[in-house]
Amino acid sequence: MIKEIENIDKIIKLLKKEVKDFENPVVSKIGKIQKDPFKVLISCILSLRTQDKTTGPIALKLFEVADNTQKLSKMPLSKIQKIIRPVNYYITKSKRIKEIAKTIIKNYKGKVPDSFEELMKLRGVGKKTAAITMVYGHKKADYIPVDIHVHIISNRLGWVKTKNAEQTMDELMKIIPKKYWGDLNDLFVLHGQNVCVTSSPICSKCVINEYCPKIGVARSR
Ligand code: SF4
């Protein structure tokens, strides 16, 4: 049985209203516009430890020349590196995405697998990337992708008491009603990028302030 989270309906409703004014996170935006698991998977890898404003244009530039696994697998590494150079760890990421494209061709007939477990077998794909590909690429809201923002906010709200994003994902999937799984990542990422920021959250302007125990928040604005 799901442990009831106090005021979750109100919190989700308030956040949905708040984030209307914010720009969608790059990976879900690519999923919504391009509707292609390949593009969601690759842009998610490019986005790791890189700001959305850098990832978005670079991912689109790459997809102009390689919009499927075949094209990406045949691209010379030097060309991939040249295109994705502005993203952090571009050398490792270029090797990784080329290798992933090759593996998908070899093992999955060129189609990005629509199974969380199979996605996790791809080198360089962790829980977050696999969950994002399932939710935003394959449109299967059977997972809750957890990045640093989802991890931090869930702990500040006292919904979970976890040490890392992987643990948070496991715990949230036990306690969040399924009707919210598809929305939670976008809502918390946007709230985290704009209000509940990592170092010093802007609690004075937070729409869910009255429902938040602010666990672990040492300094706020
Ligand atoms: S009240 Fe502060 S800590 Fe709680 S969600 Fe809002 S910004 Fe984050």
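The values are calculated or read from the model by the stated rules, or taken from the named source; none is laboratory data. Not measured: the values here are computed from a predicted model. Using ideal geometry, Cβ is built from the backbone for each residue, glycine included, and neighbour counts are taken over all protein chains shown.
The residues of the range 13-51 that are farther than 16 Å from T133 by Cα, touching a residue at least 40 places away in the same chain (Cβ under 8 Å) and assigned to a helix (DSSP H, G or I), listed by number, are L14, L15, K16, K17, E18, V19.
Residues are listed down the side, and each one gets a yes or a no for (1) under 14 Å from the mean Cα position of the chain (by Cα); (2) outside the structural domain of K13 (by TED's automatic domain parsing); (3) among the polar types (S, T, N, Q):
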site: I153; (1), (2), (3): no, no, no
site: T168; (1), (2), (3): yes, no, yes
site: G182; (1), (2), (3): yes, no, no
site: T198; (1), (2), (3): no, no, yes
site: I202; (1), (2), (3): no, no, no
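Conditions tested, residue by residue: (1) near the ligand (Cβ under 9 Å from one of its atoms); (2) over 20 Å from F22 (Cα atoms); (3) in a helix (DSSP H, G or I); (4) among the small types (G, A, S).
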| site | (1), (2), (3), (4) |
| --- | --- |
| H149 | no, no, yes, no |
| I153 | yes, no, yes, no |
| D170 | no, yes, yes, no |
| L190 | no, no, yes, no |
| S200 | no, no, no, yes |
| G216 | yes, yes, no, yes |
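Only one of these is in a loop (DSSP other than H, G, I, E, B) and either out of contact with any Gly (no Cβ under 9 Å at 6 or more places or on another chain) or within 16 Å of the ligand (Cβ to nearest atom) (or both): K163, K179. Name it.
Numbers: K179 fails: in a loop (DSSP other than H, G, I, E, B).
Just a single option satisfies the conditions, and that option is K163.
Checked across the range 99-114, the condition of being assigned by TED's automatic domain parsing to the domain that holds C44, touching a His at 6+ places or on another chain (Cβ under 7 Å) and outside any helix (DSSP H, G or I) holds for at least one residue.
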